[in-house]
Each structure stands twice: as structure tokens, then as C-alpha cells.
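Structure, as C-alpha cells:
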Ligand code: MG
């Protein structure tokens, strides 16, 4: 038994033994590896995708809460910039593949932590894939690519804050039994800049600053929400492929 225990080395011990060889350890406490030389932007939408932002119009979006027309600024570059509150899609979705491109701008260079280019993609209006300037960090579950306070990314695939980045999100909404009890949590897998960073992360509860219970039931199709956290962040080329029932 003692011998067997000795053979079960921790990731840290293995890393020390192999020296410069990088060992991918995604377990609890393991440092998040930095991945570089990556890009996956300007991706053309597949023929069956619904375009949510094509650089010309924000008609697919309204302000969260008031449902007034989207006030985010459309730039000559074909991007839109966060302004005046979070926005949600008019259309609601259940399970889907979502592509979007974003760039967190540094803005206030003295800002730190959650103040550096913070925004976020809320799936079903409830489950946030964090957007933040987390370039070069040992990413935690509140950094870019994290399912906020639920799951940290397997690797840090972030680019520098002024560079365009992409998310490809595979989302499955939670499931409920006949009595309204949640039987399966929301499940989220993510590629950031073409790199696999989240594998089937499971969220049993809505994440911080999600739409309220009054606004969005976990058992109903929901919108895509893009967060205004008061920081300058731009988005472009947003499209979605619903996999399940959708509802206007
Ligand atoms: Mg956020």
C-alpha cells in the first residue's frame, strides 16, 4: 500500500522530475499553462447560422432590463463597443453553438484584476463566460475564459488586450423533471482563439450579475447577454447555430 502511494506522484512532483518538459495537469491547484501563437477570428458563419451582429446593425439586440433599442456604438471598423448597459438578444435559445469575437481594451492602465477590460457572455442570460484582460496570468475561475466562479480554463489562451480574440461556445441549458427540479446543470464547453479551454463545465446556479429570477427562468429558453461592466470592450462577428427549440 505504502509502495503504491509512493508511485502516485503529484503533478508538481512530476513537473520537477521532467524538468523543462511541460506536463499538462488540469487538476485542482495546478498552474494554468499559457498557450501562444493562436488566432481564430474573421471566421465565416456556416450557412445555417443566425447572424447576431454583422458589423452594420444591432437590430438583433435590445438593452437588458428596459428592452429599449441597443445603444452600443457601431464603429466604422465593423465592431460595436459597450455603452450604456448590458444587451440581450431579442431571440431566445436553449442549446447552441455560439461564435463571437471580442477585444478587451486596457482603458485605465492603472486598473487591476476585474477592472481590466471586463465584460462577459451570459449564456441563456444566466451563465457567464468571463471576458477580461487576463493575458499571461495563471488563470482562475474569474479570469478570461472562466465560467465565472464555476470553472477555470484548462489553459490560458488569451491574447494581448488590444488584439481581437474569439470564443466558440457549446452550450446546453439545464434540464428539469416534471416537478420543476433541476436534473442536469447547464453545461458549457469553450474554445478560445481555437484552443479548447473549457470541457463540459457544469453550472448548477446562475453566475454573478446574471439576469434575475424575475427576468429569466432557468427552465426557459434565454437570450445571449453581453455585459457592460463599465470597461471599454468591443465585439464583432457574432453568430449562433441553435441545436434545440428556440423561442421568440
Ligand atoms: Mg464579466
Which residues among the range 171-198 fall inside the zone where the amide N is under 20 Å from a point 7 Å beyond the Cα of residue 97, along Cα→Cβ? 171-174, 187-198
Set of the range 186-210 residues, backbone N closer than 13 Å to the point 7 Å along the Cα-Cβ line of residue 243: 186-191, 199-201
Given an 8 Å cut-off on Cα distances and at least 6 residues of separation, report the relative contact order of the range 95-248 as a percent. 34 percent
Going fewest to most other Cβ atoms within 10 Å around each Cβ, 225, 63, 51 line up as 51, 63, 225
Between residue 59 and residue 163, what length in nm is gained on full extension when 0.36 nm per residue of separation is reduced by their alpha carbon distance? 34.8 nm
Hey, rough spin-label estimate for residue 51 and residue 31, points 7 angstrom out along Cα→Cβ, what's it come to in nanometres? 4.5 nm
Treating each Cα of the range 124-248 as an identical point scatterer and ignoring solvent, apply the Debye formula and state log10 I(q)/I(0) at q = 0.10, 0.23 Å⁻¹. -0.32, -1.57
quick shape note, the range 36-94: Cα extents on principal axes in Å, largest first -> 40, 27, 23
Report the full-extension gain for the segment residue 200 to residue 42: residue separation times 0.36 nm, less the Cα-Cα distance, to one decimal in nm. 54.3 nm
Viscosity 1.002 mPa s, temperature 20 °C: Stokes-Einstein D of the range 33-180 from its Kirkwood Cα radius, in µm² per second? 129 µm²/s
Between residue 184 and residue 140, what is the label-point separation in nm under the 7 Å Cα-to-beta-carbon projection? 3.2 nm
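Since every read-out is calculated from the coordinates, none of them should be taken as a lab result. Bear in mind that the values here come from a model prediction, so they are computed numbers and not experimental data. Reconstructed Cβ throughout: ideal geometry from the backbone, glycine too, with neighbour counts over all protein chains shown.
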